[in-house]
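Engineer: First the structure, then my questions, so here it is.
Bear in mind that the values in this text are calculations on the coordinates, not laboratory data. Keep in mind the model is a prediction, meaning the values are calculated, not measured. Neighbour counts are summed over all protein chains in view; Cβ atoms, including those assigned to glycine, are modelled from backbone coordinates with ideal geometry.
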Amino acid sequence: MLYGLKIAIRYLTASKAQTALLVLGVAVGVFIFIFMSALIGGLAEFILSRTVGDISHITIEAEDPDPAVLVNGDGLVLAVIERGRTRTATLSDAATYLPLIENVPGVVAVSPQIGGAGFLTRGAQVAQVSVTGLEPGRESAILNLRGYMVEGSERLGSGIVVLGETLADDLSLRLGQTLRLQSSTGASAILTVGGIYDTGNGLIDGSSVYVSLPTARALFALPQGVTRIEIKLSDLNAADATALRIASLTGLDAVPWTDGAEQLMEALDAQAQTGYFLKTFALITIVIGVASALLLSTYRRRPEIGIMRAMGAGRGFVIFVFVTQGALVGLLGGVSGAALGYLALLPFPSRDAFEPGTLPMDITQGSYGLAITLTVIGAILASILPARSAARVDPVTAIGQ
Amino acid sequence: MTALLEVSDLFKTFGSGEAETLVLSGLSLTLQEGEMTALLGPSGSGKSTLLTILGTLMKPTSGRHTMLGRDLVAANDAALTEFRNLHIGFVFQFHNLLPDFTALENVVFPTAVREGRETPAARIRGRELLVRMGLGARVDFPSAKLSGGQKQRVAVARALMNRPELVLADEPTGNLDRVSAMQVMDLIAEINRDEGTTFLISTHDEKIASLCARQIVVGDGQVTG
Ligand SMILES: Nc1ncnc2c1ncn2[C@@H]1O[C@H](COP(=O)(O)OP(=O)(O)O)[C@@H](O)[C@H]1O
Ligand SMILES: [Mg+2]
């Protein structure tokens, strides 16, 4: 079929301007396809990184077991024990689970934490805060504290507290100053401000403080275990599957971030649908363009097709010549459109440097291979109709003697 | 002499109902191997129709058609395509060459389309044929830029490419001036003499017909003389 390829190429190069226009049309369609892919993908990435980039992707929280109910033989409730109010539920053997969880594929960070409520006292000022005890050395495992530091360091150690800028302002606290932190269990500690951060999240900046895990143990009277394990994944979208895996591995209640994020998921879904819709239209445009151009060409070349058939070219050969033209146009248009798309996306900032207010184009999500493949397939499909009509040309009427 | 081709009781009608036209009505004809025959008849008498049927490009409405012992009425499209490629060469009056290809590329087409590529052997034969047609200087010339006479000589070379037993030429000189027409006819006569290829050449020009050993005339849908 080398010979069919030669004829197809000759036909395309014989009318260069026409072929160039056709290839350009296909390239524009591919360009739109790639631009849409990069935009929709980048937008999703941007929204996700803004909303869930800094939170735990899978969270294991201690379950407070429901207190027992005493029932007699007739089903009459004899006694109900009130749920404990002072004791915090704990994952007492967390230490044994941590290495297991760390080895689950896709897990990039595991952060055992002790959380609870407390009061910060600085002179006469008091603020209610949520206290989180983090493992020293893994302070930035989930929330990127290091990246948000405005003063001091995120390093937690004994007697160190790290807090938000809003809270520091409220209490007129500065780096190196001391304060008193009292937990809901009544224990208290004198701590030094080791660092001040600004995350942009009001709740974290205004009413959260971070201490080391040992400090939290003392404050909340938890000699062992933790109250929460936060897990970060390399792929946000794998959270559901990975959570199931962790749950079956440890028997713990692993909750993916997607639980309770239905609205966000729906919004992203709708956005992706819009993208598919537009990309489908780009492909349809390509198919129609190629089909009509080739149909015109088969009509113009009817006498030649008749001659070829008279000389012993089979119908299959004629079909091959025209389908190959379609495939070549698709390939040329696909590759040049993909190259054009890539070049056009180059000036946009990379996904790590997205700025609010600019289009979050993600050059890595251009779906270049997919765009080229779909275009070639589309162009081949588009050429089947013209190729079949070419193969059906009656040599007698085409030669017109 | 052995018969190369035989048609008998050939009928061909076009259209149906009121628009039905009967073009061939019981025509019979035998061509012997190595014959050079002129097909005469006024315009509209059915010369082209007969040549297209003999060339397996169209089937008769009824009748028998055999060549080289093969029944060509019963054969399917794929079999006829192969048969044409191997055994029949064509020269038409118009639209003869593929305009985007050179003279040589046109000549080697019947071989290349069968073999799937242009082999060096095919190129050598194509070049020889063009030299023989007096076109040695036009081998790689774009066919669209050749003169009318040159185009028809390329077409004759192409018709001979696969060494067919039969060459059908439908008014091959109809578009040419006298000098070019004679040149083409001389070359055809030479090939017929040297290679024994059978030619059937339609024309309404008595001078051209007189160059052929045998003349037949169609009229009223039959061979009349
Ligand atoms: N495809 C066709 N449909 C209808 N009529 C046709 C067709 N081809 C030829 N004819 C008619 O058949 C007759 C013979 O045509 P043709 O074989 O071309 O004659 P010639 O070649 O001798 O001039 C003419 O009357 C022509 O109009
Ligand atoms: Mg005619």
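Engineer: Write down the Å³ per residue value for the convex hull defined by the alpha carbon atoms of region B:88-225.
Structural biologist: Taking only Cα atoms, region B:88-225 has a hull volume of 114 Å³ per residue.
Engineer: Cut-off 10 angstrom, C-alpha nodes, Gaussian network model of chain A. Which of A:224, A:325, A:125 fluctuates the most?
Structural biologist: A:125
Engineer: Taking only Cα atoms of region A:252-401, what ratio of Rg to Rh do you get with Rh as the Kirkwood inverse-distance radius?
Structural biologist: 1.23
Engineer: Among B:93, B:210, B:58, flag the residue with its Cα farthest along the positive direction of the charge dipole of region B:3-223, charges on Cβ as +1 for Lys/Arg and -1 for Asp/Glu.
Structural biologist: B:93
Engineer: OK, next. If you rank A:228, B:153 by fewest surrounding Cβ atoms within 10 Å, what's the result?
Structural biologist: Ranking A:228, B:153 by Cβ neighbours within 10 Å, fewest first, gives A:228, B:153.
Engineer: Further question on the same structure: Determine the shielding of peptide A:311-322 by partner chains: average, over its residues, the number of Cβ atoms on other chains within 10 angstrom of each Cβ.
Structural biologist: Across the residues of A:311-322, the mean count of other-chain Cβ atoms within 10 Å is 5.
Engineer: Then there's this: Which residue, B:165, B:128, B:18, tops the fluctuation ranking in a GNM of chain B built on C-alpha contacts under 10 Å?
Structural biologist: The residue with the greatest mean-square fluctuation here is B:18.
Engineer: I'd like the mean, over residues of B:50-58, of how many other protein chain beta carbons sit within 10 Å of each residue's own Cβ.
Structural biologist: Per-residue shielding by partner chains comes out at 3.
Engineer: Another question, if that's okay. On full extension of the chain, what length is gained from residue A:188 through residue A:339, given 0.36 nm per residue of separation minus the C-alpha to C-alpha distance?
Structural biologist: Values: separation 151, 0.36 × 151 = 54.36 nm, distance 6.31 nm.
The residue A:188-residue A:339 span can extend by a further 48.1 nm.
Engineer: Mind checking the log10 I(q)/I(0) for region B:159-225 at q = 0.13, 0.17, 0.24, 0.27 Å⁻¹? Debye, one equal scatterer per Cα, no solvent, two decimals.
Structural biologist: For region B:159-225 at q = 0.13, 0.17, 0.24, 0.27 Å⁻¹, log10 I(q)/I(0) is -0.38, -0.64, -1.15, -1.33.
Engineer: Still on this model: Fewest Cβ neighbours within 10 Å first, please rank B:65, A:57 accordingly.
Structural biologist: Going from sparsest to densest Cβ surroundings: B:65, A:57.
Engineer: Could you grab the Rg to Rh ratio for chain A? Cα atoms only, Kirkwood for Rh.
Structural biologist: Ratio of gyration radius to Kirkwood radius for chain A: 1.25.
Engineer: What's the local net charge at residue A:34, with K and R +1, D and E -1, over the other residues with C-beta under 14 Å away?
Structural biologist: Working: positive: A:279; negative: A:362.
Its environment carries a net charge of 0.
Engineer: Something else about it: What number comes out for the charge environment of residue B:202, summing +1 per Lys or Arg and -1 per Asp or Glu over other residues with Cβ under 11 Å away?
Structural biologist: Values: positive: B:47; negative: B:170, B:171, B:205.
Taking every Cβ under 11 Å from that of residue B:202, the sum is -2.
Engineer: Averaged across B:108-116, how many Cβ atoms of other chains sit within 10 Å of each residue's Cβ atom? Don't skip to the answer; put the middle values down first.
Structural biologist: Working: counts 1, 7, 5, 3, 7, 9, 6, 2, 5.
For peptide B:108-116, the averaged partner shielding equals 5.
Engineer: Related question: Given R₀ = 60 Å, FRET efficiency for residue B:16-residue A:108 by Cβ-Cβ distance, to 0.05?
Structural biologist: Efficiency, rounded to the nearest 0.05: 0.15.
Engineer: A further question on this structure: Report the calculated FRET efficiency for residue B:210 and residue B:66 (r = Cβ-Cβ distance, R0 = 30 Å), to the nearest 0.05.
Structural biologist: That pair, residue B:210 with residue B:66, gives E of 0.50.
Engineer: Out of the DSSP beta bridges found with both residues in the protein assembly as shown, what percent are antiparallel (nearest 5)?
Structural biologist: DSSP beta bridges in the protein assembly as shown are roughly 70 percent antiparallel.
Engineer: While we're here: Between residue A:128 and residue A:74, what's the calculated FRET efficiency when r is the beta-carbon distance and R0 is 45 Å? Round to 0.05.
Structural biologist: Working: r = 47 Å, r/R0 = 1.03.
Step by step, r from the Cβ atoms, then E = 0.45.
Engineer: Under a Cβ-only charge scheme (Lys and Arg +1, Asp and Glu -1), can you give me the dipole magnitude of region A:84-260 about the Cα centre, in debye to the nearest 20?
Structural biologist: 580 debye
Engineer: If the cut-off is 24 Å between C-alpha atoms, which lysines fall inside it for residue B:59, apart from same-chain ones fewer than 8 positions away?
Structural biologist: Here the lysines satisfying the reach criterion relative to residue B:59 are B:12, B:47.
Engineer: Pick out the long, greasy-scoring helices in chain A: whole DSSP H runs spanning 24 Å or more along their own axis by Cα, mean Kyte-Doolittle at least 1.6.
Structural biologist: Helices meeting the criterion: A:16-51, A:315-345.
Engineer: With helices defined as uninterrupted DSSP H runs, which ones in chain B have an alpha carbon span along their own long axis of at least 24 Å and mean Kyte-Doolittle hydropathy of at least 1.0? Don't jump to the answer; show the numbers that get you there.
Structural biologist: Details: long enough: B:178-195 (25 Å, -0.12).
Helix filter hits for chain B: none.
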